Amino acid sequence: MSKLYLVPDRKDMERMCALAAEYGCAFEYNDFYIAKVMDDPQKQAEIMADYGKCRQVCGEKDLSPKVLSENTGCENVFSMDTMHGAFLDVTIHSDDPMIRDVSMLRVRQSMEIAKHMGLKGVVFHTGRLAGFRAPDYLRNWRDRNAAFFTEIARQYPKQQIYMENMFDEAPDILAGLAEKMQDVPNFGICLDYAHARLTRCSGQEWIETLAPYIRHIHINDNDTANDLHLAVGAGKLDWQEFDRLIRQYRVEAPVLVEVRGYEAQRESLLYMKHHGIYPMEKENGE
């Protein structure tokens, strides 16, 4: 199982693939959550073909959704990769049936793309109103998301579903959803550590609370006030603390270095390697 993930850049895939090979990374695709792509099968096929060719596994074979769904063997190109699912304006828990229906449609579209590509998993966001903690609202958010994503998980048993904290102010509500869905084997939490450290809750509270449910991790750096997606080590986050907490609470989940561009990704990986930041070990056993 790959322990590291990168966000690929379609315009710089030669260097991206070399970097991924050097560090044993898989890819997490950020191309498919935009509405105009989800509604355009031809655009999806174009993106899939670009990435498939760079993998140099299926050569020039057609990687369109139709062909990928017909067991051509090309699924293995992407079998360890993940993708970011629809999240902009997605509100599964809405009381407005029209908003709820289109939100569910976008999630299903994301899952269909992942299924066609043979991806390992899909990341979604909580979509909660940050800081709004009315009991009825929180209960409604938990119960509707639990019911819907339990159904989705059963319909797509070969894909993992990861729910990521966005601008949630604390980990307790997300933990409540994970606890309610603990019997769903292909559902888990994606801890976005950078998002978590923008809150008043400590890193320890986030990791300790969510540790039993964490199946995927996103990391990047920031100034503790804004979601900047800086290279790891280029901001103010304490990565030694992150490493200590992840190991202390025995979280074993792959990590996406969620920064854009080859240079920022390489800078992040070099920093992590030098300092032994999870999932890496310190150089020369230091």
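Towards the positive end of the charge dipole of the stretch 139-286, with charges on Cβ (+1 Lys, Arg; -1 Asp, Glu), say which of T199, A153, Y278 has the farthest Cα.
A153
So if I take the alpha carbon set of the stretch 127-286, get Rg, then get Rh from the Kirkwood formula, what is the Rg over Rh ratio?
Numbers: Rg = 16.3 Å, Rh = 16.5 Å.
Here the Rg-to-Rh quotient is 0.99.
Between E281 and D223, how many nm apart are label points set 7 Å from Cα along the C-beta direction?
That separation, rounded to one decimal, is 3.9 nm.
Can you give the charge dipole size of the chain about its Cα centre, rounded to the nearest 20 debye, using +1 on the beta carbon of Lys and Arg and -1 on the beta carbon of Asp and Glu?
So the dipole magnitude of the chain works out to roughly 440 debye.
Y137 to K3: extension gain in nm, 0.36 nm per residue of separation minus the Cα-Cα distance?
44.6 nm
Once neighbouring chains are kept in place and the probe is 1.4 Å, which whole percent of the accessible area of the stretch 88-223 is contributed by carbon and sulfur?
The value for the stretch 88-223 is 51 percent carbon and sulfur by accessible area.
Normalising by the residue count of the stretch 98-204, find the relative contact order in percent from Cα pairs under 8 Å and 6+ residues apart.
28 percent.
Subtracting the Cα-Cα distance from 0.36 nm times the residue separation, let me have the gained length for R244 to D96 in nm, one decimal.
Stretched out fully, the R244 to D96 stretch lengthens by 48.9 nm.
Among DSSP bridges having both ends in the chain, what percentage is antiparallel? Round to the nearest 5.
5 percent
If you take the C-alpha gyration tensor of the stretch 112-180, multiply each eigenvalue by 5 and take the square root, what semi-axes do you get, largest first, in whole Å?
In descending order the semi-axes read 25, 13, 9 Å.
For every helix of n ≥ 4 consecutive DSSP H residues, a contribution of -39,500 (n - 2.57) applies; sum these over the chain, divide by its total residues, and give [θ] at 222 nm rounded to the nearest 500 deg cm²/dmol.
Rounded to the nearest 500, it is -13000 deg cm²/dmol.
Please list, by residue number, everything in the stretch 229-273 whose backbone N is under 17 Å from a paramagnetic label point 7 Å out along Cα→Cβ of D12.
229-234, 257-271
What FRET efficiency comes out for L105 versus S79 if R0 is 25 angstrom and r is the Cβ-Cβ distance? Round to the nearest 0.05. Working shown, then result.
Details: r = 26 Å, r/R0 = 1.05.
After rounding, the FRET efficiency stands at 0.40.
What is the log10 of I(q)/I(0) for the chain, computed with the Debye formula using one identical point scatterer on each Cα and no solvent, at q = 0.09, 0.11 Å⁻¹?
-0.42, -0.63
Just name one of Y162, N140, V102: the one whose Cα is farthest towards the positive end of the charge dipole of the stretch 86-177 (beta-carbon charges, Lys/Arg +1, Asp/Glu -1).
Sorting the options by dipole projection puts first Y162.
Relative to a virtual label point 7 Å from the Cα of K53 in the Cα→beta-carbon direction, which members of the stretch 10-33 show backbone nitrogen distances below 16 Å?
Output list for this probe position: 10-17.
Quick check for you: with a 1.4 Å probe and neighbouring chains kept, what is the accessible area per residue of the chain, in Å²?
Working: 13100 Å² over 286 residues.
Averaged over the residues of the chain, the accessible area is 46 Å².
The values are calculated or read from the model by the stated rules, or taken from the named source; none is laboratory data. From a predicted model like this one, the values you see are computed outputs, not experimental measurements. For neighbour counting, all protein chains shown are included, and Cβ atoms are generated from backbone atoms with ideal geometry for every residue, glycine included. Just so you know, the surface numbers come from the protein's heavy atoms only, side chains and all, with ligands and any DNA or RNA stripped out. Shrake-Rupley method; radii C 1.70, N 1.55, O 1.52, S 1.80 Å.
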